[in-house]
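**Q** Input: one structure, supplied below.
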Amino acid sequence: MAGKGHKVDPAQLNEAAKVLQDLPKQACEGPIAAVEQINLSAASFGPAHGDCFTGYSASIQRMAKCARSYLAASDEFGRKLAASKDLYQSNEDANAAEMRKH
């Protein structure tokens, strides 16, 4: 199997990194911020449902934190992918330079 290495296109890694960093942020940032800033109170639920407010409010805030965590993980993965692009390119350049010597 010698010589049947796998090809990596650093430009494609870079594009994938941008998508992982930008797309979730664009899609989720506004709605998450809206949820985090929602101004509800037990009275907003009305007299019949006011007792449910505490659990509902805590759950909504937990969901917003989960979404923020997803955005952070996606951004981190995108940054790591972008960094790996540079490593692949450096390795390709080094291999090409070594081959030119022979």
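Derivation of every value follows stated rules applied to the coordinates shown; laboratory data play no part. All values reported here derive from a predicted model rather than from experimental measurement.
**Q** In deg cm²/dmol and to the nearest 500, what is the mean residue ellipticity at 222 nm of the chain if only DSSP H runs of at least 4 residues count, each as -39500 (n - 2.57), divided by the residue total?
**A** Numbers: 2 runs with 76 residues, N = 102.
Per the formula, -27500 deg cm²/dmol.
**Q** Using the Karplus curve 6.51 cos²θ - 1.76 cosθ + 1.60 with θ = phi - 60°, work out ³J(HN,Hα) for each residue of segment 15-32 in order, rounded to whole Hz, and write x for Gly and Pro.
**A** These are the phi-based 3J(HN,Hα) values: 5, 4, 4, 4, 4, 5, 8, 9, 4, x, 4, 5, 6, 10, 4, x, x, 5 Hz.
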